[in-house]
Amino acid sequence: MPVQAVCTVAEAVRLNEFAYSFTLEAPALAAAISGPGQFVHIKCGHSRLLRRPISICDWDGETLRIVFEVRGEGTAWLARRSAGDRLDVLGPLGQGFRMARGEKLLLVGGGIGVPPMLGCAKYAGGSASAVLGFRAADRAMLLEAFEENCKAVSLCSDDGTLGVKGFVDALVCEWLEKEKDFTSVLACGPRPMLRAVARAAARYGVPCQVSMEERMACGVGACLGCAIQMADGTIKHVCKDGPVFAAEEVDWND
Amino acid sequence: MTECVDLSVELAGVRLKNPVVVASGTFGFGREYGQLYALSELGGICCKGLTLHPREGNPPPRIAETPMGILNSVGLQNPGVDTFIARELPELRRHDLAVIANISGNTPEEYGVICGKLSEAGVDLIEVNISCPNVKAGGLAYGTKPELAAEVTEVAKRHASVPVMVKLSPNVTDITEIAKAVEGAGADALSLINTLRGMRIDVNTRRPILHMNTGGLSGPAVLPVAVRMVWEVAGAVKIPILGMGGVAKGEDAAQLMLAGASAVAVGTACFDDPFVPLKVRDGLTEIAAAQGLARISDLTGGVKPW
């Protein structure tokens, strides 16, 4: 059940030139989280009508952590907040990853799709491995936290400045080739990346879940704005039915 | 002091315990926001627009943010009138609020069939949408031509045994022409305004943000247009008006009522803050109390034009 709460920013940290990590004092919201992959909808000042959907990176009994990149005016406003400021937060919203503690998972994050995978890694309790991709080394984030919470971490970057040069799907294939007993691949990142990861997982017959994005208004399923085309021809909504979907449910044609 | 104000209003013979309803397409069938507060706090709900058969709506993106507003091109995605009656109406009936069914048809006959079904199922009021800018057939076409608007109204009235309210489009040169035609055809009330057609372009990709290229503008940006049109229509017809368009606070609602609305609907503002309908109700009450009014309905039509 979502709640709307005014939350104090307990800690605001800049992770790199583009990404920020906020820890929010949000006991009511944190208590309502059902698992990794849900998001919160944050009001970003009075001059913007729509809240901004931001995935939950991590949480405990009292706080929740969000990591976001500055994409436009809303997130630029958010990035200017600092410890002690208060935010109007609605959440937790959406359906997260379906996973169990102790599962042998392959977590795949690309760019700003990396943070929610940390929640998965912690929830799994150290049994997951992670493949993380960034545009370049200066965009990397949360690497130490992943090292601490995963069995193994593989890195890649588009320009080769971090880890292997190339995209995450090549590393996903390597992992799935090498170890046959992954129970699921869980992924968050840009749509072309998710499509490539979904194909790789399908090739090895491993179930795959993907966290999708779409332009969103209400965030709760009332306005039907954030439509996403399903493979069976139906429409679903990222905010209420997702953001996490089984990869084979999604219509990957553009 | 505020408890002295009688908040109840009447809209086409339907009593609303307070004048704040939620606008069609912004509140679904109440299930989602109903998790945040009791729906019985609302005067009523204009349900998501229904069609005879289920509709998947338009391809995404369907939403674009604009200065103090949003564009949408949802395209009447809905489960169809039969599913509404079977699954949503019984759920809504568990709460104390007026249930207003919003409907669209491809032909006047379809409007008639839907009105028949909903009357039998027992909604309180039917809001006939002749002004959706996001569908090709019907919709806006009926709302921009007085004779077509009258025809749809007449057919709806013939098949409905509950009051019929017609929702007008602002995308016309003279909204009073349509309003008078609809009144003449027997409408019991009018609701206005629907969204204004608009467009937003991504200057880098040179693509419109919305997949349908254009969409309907709503939100605080349209409030002055709504106030003006409610005022014009109120001066042209005798039937009551449900005023809407950009309402985000009590003062906005008071403006629409002073312009001539009997009740108001809150829509897009819920996306900013789900609790806005309750805040609008309380804000409106405070304004009425501060002005020493015994009844909130005393605001209706009270504007003193220069």
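FYI, it's all coordinate maths here, none of it is from the lab. Quantities reported herein were computed from a predicted structural model and do not represent experimental measurements. Note that we place each Cβ from the backbone using ideal geometry, even for glycine, and neighbour counts take in every protein chain shown.
Structure summary
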item	result
Residue list for the range B:187-205, restricted to those being away from chain A (no Cβ under 14 Å) and among the acidic types (Asp, Glu)	B:188
Residue within the range A:117-126 that is closer than 15 Å to residue A:23 by Cα and surrounded by fewer than 22 Cβ atoms within 10 Å (Cβ to Cβ) present	no
Answer residue from the range A:205-247, given it is over 22 Å from residue A:35 (Cα atoms), among the small types (Gly, Ala, Ser) and surrounded by fewer than 23 Cβ atoms within 10 Å (Cβ to Cβ) and is nearest to the other protein chains (Cβ to nearest Cβ) among those	A:233
Residues located in the range B:32-41, provided they are in a loop (DSSP other than H, G, I, E, B) and either of a type in the set (Gly, Ala, Ser) or more than 7 Å from every other protein chain (Cβ to nearest Cβ) (or both)	B:37, B:38
Pick from the range A:31-47, criterion part of a loop (DSSP other than H, G, I, E, B), under 15 Å from residue A:79 (Cα atoms) and in contact with a strand residue (DSSP E or B) (Cβ under 6 Å, 6 or more places away or on another chain), ranking: nearest to the other protein chains (Cβ to nearest Cβ)	A:43
Sole residue being out of contact with any helix residue (DSSP H, G or I) (no Cβ under 8 Å at 6 or more places or on another chain), farther than 15 Å from residue B:117 by Cα and at the interface with chain A (Cβ under 7 Å from one of its Cβ atoms), chosen from B:44, B:57	B:57
Hits in the range B:160-187 - residues which are β-branched (Val, Ile, Thr) and within 28 Å of residue B:121 (Cβ to Cβ)	B:162, B:164, B:166, B:182
Residues of the range B:152-199 that turn out to be polar (S, T, N, Q), touching a residue at least 40 places away in the same chain (Cβ under 8 Å) and touching a Leu at 6+ places or on another chain (Cβ under 8 Å), as a count	4
Residue that is surrounded by the most Cβ atoms within 10 Å (Cβ to Cβ), among those in the range B:259-297 that are of a type in the set (A, V, I, L, M) and more than 18 Å from the chain's Cα centre (by Cα)	B:284
Selection within the range B:202-258 - of a type in the set (Asp, Glu) and either crowded, with 24+ Cβ neighbours inside 10 Å or within 19 Å of residue B:276 (Cβ to Cβ) (or both)	B:251, B:252
2 or more residues within 14 Å of chain A (Cβ to nearest Cβ) and not acidic (Asp, Glu): qualifying helices (runs of 4 or more DSSP H) within the range B:206-296	B:269-272, B:276-290
In the range B:60-84, residue farthest from the other protein chains (Cβ to nearest Cβ) [restricted to those that are β-branched (Val, Ile, Thr) and closer than 20 Å to residue B:219 by Cβ]	B:66
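Quick grid of which residues meet (1) charged (D, E, K, R); (2) closer than 30 Å to residue B:69 by Cβ:
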site	(1), (2)
A:179	yes, no
A:183	no, no
A:189	no, no
A:196	no, no
A:206	no, no
A:213	yes, yes
A:216	no, yes
A:219	no, yes
